[in-house]
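As structure tokens, the structure follows; a few thoughts come after it.
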Amino acid sequence: MTSSSNRPGAPPRHTLHLAELLDFHPEQGIIRLHEQRVLILSAAAMGLMRKELVDSIGLDAARRVLLRFGFADGYHDAVNLRARSNWRSPIDGLGDGAILHRLEGIVRADVRRVDYDDETGHFEEEVRWHDSYEAEQHVHHYGKGSAPVCWSLVGYSSGFVSACLGKEVYFREIGCVAHGERYCSAIGRDVQSWGAEGESIRADFQAASLGQEVERLREAVGKRLKELGRRERLLERRERELNLLRDRVNRHAVARHFVAGSEAMQQVLELAARVAPLDTTVLVYGESGTGKEFVVRLIHEQSPRAASPFVSINCAALTETLLESELFGHVRGAFTGAVRDKAGLFEVAGSGTIFLDEIGEVAPTVQAKLLRALQEREVRRVGGERNIRINARVVAATNRDLRTAVEAGTFREDLFFRLGAFIIEVPPLRERREDIPPLVHTFLTRAASRMKKEVSAASAEAMSALMNYRWPGNVRELQHAVERAVILANTASIRLRDLPPEVTQVSRRSAAGGTLDLREQERASIERALERFGGSRRKAAEALNISTVTLWRKMKQFGLSSP
């Protein structure tokens with residue numbers, strides 16, 4: 001008997017309804033289809049699982065797994081539908097499979113043509129798939145490609161029709177939304193009708209090789225787990241090393257009474273500690289008095305060169321001739337007064353560190369010789385004829401913006417890039433005001449001990465003035481201001497009148513609201529709002545017309561706390 005059906009002339013049949021197929025047990029959390037438990041999963045979740053499968057085992061292996069998954073699903077559905085339906089012929093079941101897929105929200109199948117001869121076993125079907133979730137998810141994660149991707153749909157159709165007809169039938173997708181078509185389309189044939197292609201198609205579906213595939217997947221997963229374990233151990237080791245590094249740096253800072261409690265300074269110290277073990281040239285930038293020399297010494301003392309000399313020179317303090325002689329040395333008779341040979345600081349440093357402070361003030365002729373020393377790792381003494389190999393690590397510091405100096409033509413660009421292999425920027429004190437109270441306490445305690453005075457605290461008014469001042473001289477200026485206050489103090493606390501005039505004048509202007517500095521006005525406004533509303537951040541934020549998150553961030557920036 002030969003059966004043939006085409007879409008326009010297909011006879012009307014009883015339409016399946018989801019309510020007829022599904023048995024809900026909400027109190028038990030169970031849904032059954034054909035007496036078998038089913039699950040409702042989102043297309044997005046299935047798409048993510050599909051992506052993870054592709055990324056983990058590769059496109060081709062994922063395709064075969066999903067083909068077999070779909071085949072098992074379709075075969076199972078056909079067997080159960082057949083048991084509860086009155087199909088006049090196996091062909092009747094094909095329509096039910098298409099309806100079921102639509103009801104499940106997987107795809108809308110449009111069967112275009114079915115040719116079936118139950119005597120010869122010849123079967124051929126053409127179908128179009130509209131709104132395939134599988135193509136939609138693949139395009140979402142990978143974009144459009146050149147090959148069809150509705151693998152589980154192909155598997156489902158193959159399994160469903162194979163169960164209906166009781167013989168091997170395999171589908172192949174010939175057009176797909178994933179490579180630019182308006183809809184997905186597939187053709188299904190019995191295995192004999194596929195001819196020479198039959199064996200290769202069958203190999204993709206055969207359960208006999210599934211064990212090998214599972215074993216290969218297990219091996220792939222095992223390798224992934226080993227690699228993941230290795231990376232986790234590496235991360236744990238790096239984290240331990242980083243924690244040890246932070247502890248060592250903090251102990252170093254505490255031992256030298258260096259206050260670095262703010263997040264900005266902690267980052268500076270961490271950068272210094274991480275570059276210390278390497279032989280990279282470092283450039284430390286920061287305004288005068290920010291603590292650049294401490295950072296440079298930290299780099300030296302935490303490096304393998306710590307046992308070797310640390311030699312420093314202030315390049316701005318010497319004339320061009322003297323600086324050249326100090327850095328590179330000279331031979332007897334090189335210039336007036338050169339009565340003997342003298343080794344330069346590059347030689348004196350040996351295998352240690354040479355610190356070039358105020359490198360931005362170096363004259364162009366000395367810049368050229370410095371560049372040669374860094375490139376060739378050798379120097380020539382002034383008036384000398386032979387080159388001397390050097391091994392010192394170079395760390396430089398400046399309070400000038402060398403990039404601007406390069407643009408202005410006052411500093412060599414090639415030297416800047418040689419020195420700036422690793423740049424550390426030390427923030428000014430006005431950008432880390434939370435460090436001011438502990439710095440004040442440290443300087444006060446140290447000054448009181450040295451001067452043998454019973455001064456142990458700063459009054460609230462004095463501390464407010466110290467917090468409000470911009471400190472153009474940074475930590476060094478703060479230290480001198482506190483020492484002056486300790487000298488003048490006649491009580492156990494330093495008071496506003498003990499501070500330098502420039503500090504108290506700013507405090508008075510701030511109190512009077514006369515300052516034009518936007519940052520100071522912003523800080524003063526926040527302080528007044530918090531004081532007015534008894535420390536309530538919500539009310540203060542409403543009065544300032546900002547969010548509570550912005551208020552919290554500003555308070556942290558200015559080192560403020562609720563009263």
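The values are calculated or read from the model by the stated rules, or taken from the named source; none is laboratory data. None of these values were measured; they are calculated from a predicted model. Here the Cβ is made from the backbone with ideal geometry for all residues, glycine too, and neighbour counts use every protein chain on show. When the accessible area is computed, the model is the full protein with side chains, heavy atoms only, and any ligands, DNA or RNA have been set aside. Shrake-Rupley method; radii C 1.70, N 1.55, O 1.52, S 1.80 Å.
Candidates 88, 50, 64: the one that is part of a helix (DSSP H, G or I), of a type in the set (Lys, Arg) and open to solvent by 40 Å² or more (accessible area, probe 1.4 Å) is 64.
The sole residue among 442, 491 that is surrounded by fewer than 20 Cβ atoms within 10 Å (Cβ to Cβ), closer than 23 Å to residue 287 by Cα, modelled with pLDDT under 90 and β-branched (Val, Ile, Thr) is 442. Residues in the stretch 400-439 that are under 27 Å from residue 377 (Cα atoms) and buried (at least 21 other Cβ atoms within 10 Å of the Cβ): 402, 411, 415, 419, 424.
Of the residues that make up the stretch 70-85, is at least one in contact with a Cys (Cβ under 6 Å, 6 or more places away or on another chain), in a helix (DSSP H, G or I) and either modelled with pLDDT under 85 or basic (Lys, Arg) (or both)? Yes, the stretch 70-85 has at least one match.
Would you confirm whether or not the stretch 258-266 contains a residue that is assigned to a helix (DSSP H, G or I), at pLDDT below 70, more than 30 Å from residue 167 (Cβ to Cβ) and more than 24 Å from the chain's Cα centre (by Cα)? No, that holds for no residue. Within the stretch 381-396, residues that are on the phi > 0 side of the Ramachandran plot reach partners that are in a loop (DSSP other than H, G, I, E, B) with beta carbons closer than 6 Å, at six or more positions or on different chains, in the pairs 383/331; 383/334. Filtered by the rule that a residue be at pLDDT below 90 and not small (Gly, Ala, Ser), the stretch 161-190 gives 164, 165, 167, 168, 179. Would it be correct to say that residue 108 is touching a Phe, Trp or Tyr at 6+ places or on another chain (Cβ under 6 Å), surrounded by fewer than 20 Cβ atoms within 10 Å (Cβ to Cβ) and free of Cβ contacts under 8 Å to residues at least 60 places away in the same chain? So residue 108 fails the test. Consider the stretch 209-235 and keep the residues that are modelled with pLDDT under 80 and acidic (Asp, Glu). The one that is surrounded by the most Cβ atoms within 10 Å (Cβ to Cβ) is 213. The set of residues from the stretch 419-432 being more than 28 Å from the chain's Cα centre (by Cα) and farther than 30 Å from residue 556 by Cα is empty. Among the candidates 112, 63, the residue that is out of contact with any strand residue (DSSP E or B) (no Cβ under 9 Å at 6 or more places or on another chain) and within 23 Å of residue 183 (Cβ to Cβ) is uniquely 63. The sole residue among 172, 182 that is free of Cβ contacts under 8 Å to residues at least 12 places away in the same chain and basic (Lys, Arg) is 182.
Number of residues in the stretch 443-487 that are closer than 24 Å to residue 288 by Cβ and of a type outside the set (A, V, I, L, M, F, W, C): the value is 14.
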